[in-house]
Amino acid sequence: MWESVTRNYIVYGTLLVLLPEIIYHSHRVIKNWCNRKGMQKELWTTLFSNELTLSCLSSPAKHTNNGKRLNKINIIERGCLCSNRYCMDSNVQIIVDLLNATKYSIDLAMYMITSIRISEALAEASLRGVIIRVITDYSDAFLMSSQVIYLLRLGVTVRFNTQTSGNLMHHKFCVLDSPSTIKYLLKKRNMLDEKKSAEVDNISSILMTGSLNWTMRGFSSSKAFKRNGEKIDSIHEPT
């Protein structure tokens, strides 16, 4: 009898010593596995515009997703929609698709905006509740070809460099769904709670930057650009 009691005490005592260690190490293994599984990889793609940009003879309608909306990561992984990697319509469509996939915020700094398709995508994003902030150069903002007035009429926030400064606002970049920006903007509107904050932390953020203005001249790579060409880099880096 005493031997049985002693044996039980030894077994229970051993379990009490080992069980916390087993639980701790199991928790570490599961946590690391979940982190690896949920980890997002850094992605990037480059859109080029040069003398081959207009050599594609297929129609713009070919370079669409047939109404299917993709997420931003799918769009970057998909890449060019045409066999001609410099195709103007394909390059424009990739940017339009990224804007269409944006859920919360678009921050755009662009010297000139004349692309109708891109402007329409910005307008549609604004209508579905995406917070859009645009800054552009004053000198060409109100030319006939500019889309700034169109965006202003639809309530998109557009700012300009001061007309008297004599300096150009020559930046060319766009940030889609930046978590820090989203939290800042939602907090200002008293719309940020713990659940929304966690959702924002897992969102895919995209940076587009390069030398190309969002103009038809830039995308079509006219003679003025043939020497050096133009490009846009689209980058996704996990937060």
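Report relative contact order for region 72-209 in percent, whole number only (criteria: Cα-Cα under 8 Å, sequence separation at least 6).
Result for region 72-209 is 24 percent.
List every residue whose amide H lies under 5 Å from the amide H of ILE135, counting only residues 5 or more places away in sequence or on a different chain, with H placed 1.01 Å from N in the peptide plane.
Excluding prolines and chain starts, which carry no amide H, the hits are LEU108, ALA109, MET110, ARG159.
Order of 103-113, 196-206 by packing, highest average Cβ count within 10 Å first?
The peptides rank, most packed first, as 103-113, 196-206.
No lab work stands behind these numbers, since they all come straight from the coordinates. Just so it is clear, the model here is predicted, and its values are computed rather than measured. Glycine also receives a Cβ, built like all others from the backbone with ideal geometry; neighbour counts cover every protein chain displayed.
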